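Read-outs throughout are calculated quantities, based only on the coordinates presented, and are distinct from any laboratory measurement. What you see is a predicted model; the values in this text were computed from it and never measured. Glycine gets a Cβ as well: all are built from the backbone with ideal geometry, and neighbour counts include every protein chain shown.
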Number of protein chains: 2
Amino acid sequence: MRDGQRLEEFYRDRRVLVTGGLGFIGSNLVRRLVGLGSRVTVIDACFPDQGANLYNLEGVLEEITLVVSDIGATRTVIEHLPEQEVVFNLAACVSHVGSLHHPLRDLKRNCVSQLRFLCALAELNPGVSVIYTGSRSQYGSPLYLPMDEDHPLRPVDINGVHKTAVEEYHRILHEQGRIRYLSLRLTNIFGPRHQMMHDGQGFLNWFIRLGLQGKEIRVFGDGTQARDFLYVEDAVEVLLLAAADAECRGMSLNLASGKSITVAEAAQAVSEEAGTEWTLVPYPPERASVEPGDVVLDISRLRAALDWEPRWDFRAGLQETIAFYRMHGEHYFRPSETKPSLIRKRPI
Amino acid sequence: MRDGQRLEEFYRDRRVLVTGGLGFIGSNLVRRLVGLGSRVTVIDACFPDQGANLYNLEGVLEEITLVVSDIGATRTVIEHLPEQEVVFNLAACVSHVGSLHHPLRDLKRNCVSQLRFLCALAELNPGVSVIYTGSRSQYGSPLYLPMDEDHPLRPVDINGVHKTAVEEYHRILHEQGRIRYLSLRLTNIFGPRHQMMHDGQGFLNWFIRLGLQGKEIRVFGDGTQARDFLYVEDAVEVLLLAAADAECRGMSLNLASGKSITVAEAAQAVSEEAGTEWTLVPYPPERASVEPGDVVLDISRLRAALDWEPRWDFRAGLQETIAFYRMHGEHYFRPSETKPSLIRKRPI
C-alpha cells in the first residue's frame with residue numbers, strides 16, 4: 001500500500017518515455033504506467049523476431065503516444081525527447097545465438113542506436129533520469145555465486161559485450177552530468193507478453209509454449225544448470241520504484257530474485273502446470289557455446305537501495321503466465337504484424 | 001642476444017600483418033619487422049590527425065605491402081588476410097577529448113571497423129594469432145595502485161569503452177576457437193614517430209615539441225599526477241616476443257614500465273634536455289573531465305609470461321626521442337600528406 005501510494009503520487013500526469021515499450025518487459029511497464037496515470041510515449045523499432053507486439057498494448061494504445069522508430073533514427077525521435085521526466089530505456093536486440101551469426105547487426109542495433117539516442121537525449125533534455133535495463137549476461141560464466149555487481153564482466157557472446165558498452169555510455173554521460181542514470185541488470189525475467197515465436201530469447205516461455213501445445217519439453221544437458229527467475233510484475237515494480245527515487249542513481253544494480261532454480265525443476269513445474277512431459281537432450285553445439293553455467297545473482301544492494309523484496313514466488317508467477325497464454329496464446333505463437341500503419345497515436 | 005636470435009629465427013620470411021602500421025607504435029614495429037626479414041603488410045586508414053605518417057616508414061616502404069584502407073572496408077582488405085601468420089592489430093582512433101565531441105565517430109572507427117575486420121579475419125584465416133593493443137585508459141580512475149589486470153574497467157571516456165569492447169571481441173572470438181588472441185594494455189608509450197601536430201594524444205611528445213621550439217611547457221593542475229611511461233622500443237620488443245610465443249594467448253596483460261613518474265618530473269626532464277622552461281596552469285575543464293588521476297600499472301604477469309624487463313630508463317628514452325625530433329621534426333610538427341597516391345606497394 002505504502003509503495004502503491006508513493007507510486008501513484010509520483011507517476012500521475014508524469015511524462016514518461018519507454019523505449020522498447022512494445023516488447024515483453026516494456027509493455028508490462030507501460031500498462032502499469034497508464035494505470036498510474038502517466039503520460040506515456042513509447043518508441044519501438046518493431047524489429048522482426050525481437051518481441052515487439054502491438055497486442056501487448058491492446059486496450060491502452062489509445063492512451064499513449066506510439067512512435068514506431070529505431071531509437072537511433074534521431075530525426076524521427078528528437079521531437080519526443082524534451083520534456084520527458086523519466087526515461088525507461090529498454091530498447092535492445094537480445095539474442096545470444098543471433099549475435100554469433102550477426103555480430104555487426106547486434107552492434108548497430110544496440111551500440112550505434114543507443115549512442116545516437118543517448119547523445120540526443122542528453123543534448124535536448126539535460127539531467128533527465130534514465131533507467132537502463134542491463135543484463136546478467138554481462139557477467140558471463142560465474143567465478144563465484146551468487147554474483148554481485150563487482151563480479152568481472154566477461155560475457156560469453158557479442159550481445160553481452162554490447163549490453164555492457166551501452167551501460168557504460170549511460171555511466172559516462174552520468175559522470176559528465178548530462179543525464180542521471182541507473183542500470184538494472186536483469187536476470188531471467190518471465191511472464192505474460194513475452195514473444196513465443198522462437199526459442200532465441202529465454203527458455204522458460206518456450207517451455208510454456210511446448211507445454212500448452214502438448215509437446216515434450218527438451219532440456220539441454222543434465223538439467224542441473226541453475227537460473228534465477230523473476231516474475232515480470234516484480235521487475236516492473238522495481239523499475240517504477242527506482243525511477244521514483246531520485247537518490248537511486250549513478251549505479252548498476254542486479255535485479256533478480258536471488259534464488260536458484262534448476263532448468264530441470266523449471267521444466268518439471270511447467271509439465272505439472274501444463275500437463276505435459278519433459279526430457280533431457282544433449283546440448284546443440286551453438287547453445288553450449290553461449291551457456292554461462294549456473295547463474296544466481298546477489299540482490300543485497302538492490303534490497304538496501306529500494307527497501308524491496310520480490311512478492312511473487314516462481315510457481316505463482318508460472319501459473320499466471322500459463323493462464324495468460326491459455327487465453328491469449330494465438331497472439332504470441334505466430335509472427336505478428338508488428339509494423340502498424342499508424343505511425344503515431346496522440347493521447348486524447 | 002638470446003632474445004634477438006629467437007626473434008630472428010621466428011620472424012625471418014614470416015608473413016606479418018600490421019594494422020595501423022603508419023602510426024606511432026605500428027611504424028616502429030614495422031621497421032623492426034623489416035629488419036628481422038619478415039614479409040610485412042600494413043593496413044592503415046590514414047585518418048587525419050591520428051598519427052599516420054608516410055615518413056614513419058621512410059626507407060622501408062619499398063620492402064612492404066602498404067594498403068591504405070580502413071580495416072573495416074572488407075572488400076579492400078580481404079585479399080590481404082589469408083596466409084598471414086601473425087596479425088598485430090594496432091589500428092585505432094585514440095582521442096579522449098575527441099570522443100567526447102564525436103562519440104559516434106569513435107564508435108564507427110573503432111568498434112564497427114574492428115568487428116568487421118575481426119569477423120573477416122576469423123573467417124579467412126581461422127586460428128591466426130592476433131596481438132591487440134589495448135590501453136590503460138580501459139581502467140579509468142584507479143581504485144588501487146599499481147593497477148593489475150583484475151582492476152575494474154571503468155574508463156572516464158567513450159574511447160575507453162570502445163577499447164574494451166574491441167578487446168572483448170578478440171576474447172570472444174578466441175574462446176570460440178576462431179582466432180588466438182593476446183591483448184597488451186598499453187601505458188603511456190613515448191618515443192620517435194609519434195605525431196606532433198596537436199596535443200590530443202599523449203602529453204610527453206607535446207612537451208618535447210614545445211621544448212624544441214623554445215616555448216614554455218604548461219603542466220595542468222599541480223603536476224603531481226603520476227604516469228607510467230614506457231619507451232617505444234621496449235613496447236615493440238614485447239609485441240615481438242609475445243607474438244613469437246604461441247603459449248602466450250587468451251589473456252589481457254599490462255604493458256608498462258611499472259614505474260611512476262609525475263607529470264612535473266617529466267616536464268622538468270624535458271626542460272633540462274631541451275633547454276626550456278615549464279610552469280603550472282589550471283586544468284581546462286575538458287581535460288579535467290578525462291583526467292584519470294595517478295596511473296601506475298602492475299606488470300608482474302607480463303614479466304612472468306615473457307621473462308621480460310624494460311631495458312630503457314625514462315631519461316635515456318627521452319634523450320633518444322629529442323635527438324630524433326631535432327633531426328626529423330619538420331615531418332611531424334605540421335599535418336603531413338598521409339594519403340599517398342600509391343595505393344599499394346608490392347614487395348620486390
Filtering GluC sites (Glu not before Pro) in region A:5-111 by DSSP loop and by at most 13 other Cβ atoms within 10 Å leaves A:58, A:83
Quick one: putting +1 on the C-beta of Lys and Arg, -1 on the C-beta of Asp and Glu, what dipole do you get for region B:33-191 around its Cα centre, in Debye to the nearest 20? 380 debye
Whole-angstrom gap from region A:227-294 to region B:95-171, using each part's C-alpha centre: 30 Å
Relative contact order (percent) for chain B, with alpha-carbon contacts under 8 angstrom and 6 or more residues of separation? 21 percent
Counting other Cβ atoms within 10 Å, keep those with at most 12, restrict to DSSP loop, and tell me which trypsin sites (Lys or Arg not before Pro) in region A:4-95 are left. A:12
Charges only on Cβ, +1 for Lys and Arg, -1 for Asp and Glu: so what's the dipole of region A:27-97 about the Cα centre, in debye to the nearest 20? 120 debye
In whole Å, largest first, the alpha carbons of the protein assembly as shown cover along the principal axes 80, 53, 45
Region A:242-295 shape via C-alpha gyration tensor axes, a/c threshold 1.5: oblate
Averaging over all projection directions, find the projected area of the Cα convex hull of chain A and quote it in nm² with one decimal place. 16.0 nm²
Would you compute the Debye intensity of region A:222-343 from its alpha-carbon atoms alone, equal scatterers and no solvent, and pass along log10 I(q)/I(0) at q = 0.16, 0.23 Å⁻¹ to two decimals? -1.03, -1.26
Per-q log10 I(q)/I(0), region B:15-156, q = 0.13, 0.15, 0.18, 0.20 Å⁻¹ (Debye; single scatterer per alpha-carbon; no solvent): -0.61, -0.79, -1.06, -1.21
Could you compute Rg(Cα) / (2.2 N^0.38 Å) for region B:57-102, with N its residue count? 1.51
Of B:304, B:285, B:240, whose Cα points farthest to the positive end of the dipole of region B:146-304 (charges on the beta-carbon: +1 Lys, Arg; -1 Asp, Glu; origin at the Cα centre)? B:240
Have a look at B:5, B:92, B:57 and report the one farthest towards the positive end of the charge dipole of region B:1-140, computed about the Cα centre with Cβ charges (Lys/Arg +1, Asp/Glu -1). B:92
Over all alpha-carbon pairs of region B:181-228, lay out the pair-distance distribution in 5 Å bins, whole %, shortest bin first. 5, 17, 24, 25, 16, 6, 4, 2, 1
Dipole of region B:71-214, positive end: most advanced residue of B:117, B:151, B:212 [Cβ charges, Cα centre]: B:212
Mean projected area (nm²) of the alpha-carbon convex hull when region A:119-258 is viewed from all directions: 10.0 nm²
Any chymotrypsin sites (Phe, Trp or Tyr not before Pro) in region A:116-167 that lie in a DSSP loop and have at most 11 other Cβ atoms within 10 Å would be A:144
Label point 7 Å beyond Cα along the C-beta direction, distances from residue A:145 to other copies (nm, shortest first): 4.0
